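Peer 1: Got a structure here, written out as structure tokens. Questions coming.
The values are calculated or read from the model by the stated rules, or taken from the named source; none is laboratory data. What you see is a predicted model, and the numbers here were worked out from it, not measured in a lab. Heads up, the Cβs are rebuilt from the backbone with ideal geometry, glycines too, and the neighbour counts pull from every protein chain shown. Accessible surface is based on the protein model in full, side chains and every heavy atom, while ligands, DNA and RNA are left aside. Shrake-Rupley method; radii C 1.70, N 1.55, O 1.52, S 1.80 Å.
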Amino acid sequence: MSFFSALFYDKVMQYTEQACLIEWRRALLENVDGNVLEIGAGTGASLGLYPSKPSLTLYLAEPDQHMRMQLQQKLQSQSEMKATVLSCSTESIEADDDFFDYVFVSLVCCSVKDVAASLQEIKRVLKPTGRFIFLEHVAAEPGSQCYHWQQRLNFIWRRVADNCHLNRATEQSITDAGFVIEEIQYEKMQKMIAVVQPTIRGIARIACE
């Protein structure tokens with residue numbers, strides 16, 4: 001992502017954040033505790049939504065240097081927030097096996113280079129009893145008009161939106177990676193163009209082998 005794209009990202013997303021994303025993230029994160037990793041933390045949209053618990057240790061991974069710079073600036077302005085910022089990608093997380101109690105992704109799986117590799121890395125660093133929390137925009141129902149336009153526009157969208165895919169079947173990818181989805185909700189993202197509106201959000205655990 002370019003410096004200017006990162007600079008204006010918050011302004012572009014602010015109406016959608018206020019309309020639904022803040023509420024959705026807050027609800028998803030209300031019970032997290034222990035070692036918590038947020039992948040693709042971006043400019044820090046979720047920073048103020050984590051519960052205030054002395055037992056919570058937060059790690060924020062953001063590979064884009066321009067986004068990471070804004071994230072670090074926000075952290076400096078929130079002295080009560082203690083977090084470690086990582087520069088690693090989703091496909092190669094800087095952490096030991098079975099380290100995190102929770103891993104959270106928000107609008108990340110749409111743009112990673114390798115979804116399967118990313119989910120395997122999340123499994124690797126997540127404790128066997130841990131939980132994977134996700135909030136992603138996804139492909140619409142196959143056969144729908146929205147799905148049709150997602151397919152047609154995806155090639156162009158990826159090039160103007162930093163590898164963001166309109167048509168990824170992320171729910172299927174999560175189960176294919178060996179997760180069991182415990183909770184899931186389907187809802188349209190508000191204040192966003194139609195091809196980006198379909199979303200899923202929920203909680204998954206690692207399947208017992």
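Peer 1: I'd like to check one number: the per residue accessible area of the chain, probe 1.4 Å, reported in Å² as a whole number.
Peer 2: So the chain comes to 52 Å² accessible per residue, rounded to a whole number.
Peer 1: If Rh is defined by the Kirkwood formula over all Cα pairs and Rg also comes from Cα, what ratio Rg/Rh do you get for the range 96-209?
Peer 2: Here Rg/Rh amounts to 0.99.
Peer 1: Can you count the Lys pairs in the chain with C-alpha separation below 23 Å, eight or more apart or on different chains?
Peer 2: 9
Peer 1: Could you grab the relative contact order for the range 3-206? Cα pairs under 8 Å, six or more apart, rounded to a whole percent.
Peer 2: It comes to 19 percent, rounded to a whole number.
Peer 1: How much of the accessible area of the range 66-209, in percent, comes from carbon and sulfur atoms when a 1.4 Å probe is used? Walk me through the numbers before you get to the answer.
Peer 2: Details: 3800 of 7690 Å².
Ligands and nucleic acids excluded, carbon and sulfur give 49 percent.
Peer 1: Relative contact order of the range 22-78, please, whole-number percent, based on alpha carbon pairs below 8 angstrom and at least 6 residues apart.
Peer 2: Relative contact order here is 40 percent.
Peer 1: Next question. Which percentage, to the nearest 5, of the DSSP beta bridges contained in the chain is antiparallel?
Peer 2: 45 percent
Peer 1: Extension gain Ala116-Asp96, at 0.36 nm per residue separation less the Cα-Cα distance, in nm?
Peer 2: 5.3 nm
Peer 1: Using a 10 Å cut-off on Cβ atoms, rank the peptides 164-170, 11-17 from the highest mean neighbour count down.
Peer 2: Numbers: 164-170: 19.3, 11-17: 13.6.
In decreasing order of mean packing, 164-170, 11-17 become 164-170, 11-17.
Peer 1: Still on this model: Given the options Gly34, Gly143, Ser77, identify the residue whose Cα lies farthest towards the positive end of the charge dipole of the range 3-206 (+1 on Cβ of Lys, Arg; -1 on Cβ of Asp, Glu).
Peer 2: Gly143
Peer 1: Using the C-alpha atoms of the chain, what convex hull volume per residue, in cubic angstrom, is computed?
Peer 2: Here the figure is 112 Å³ per residue.
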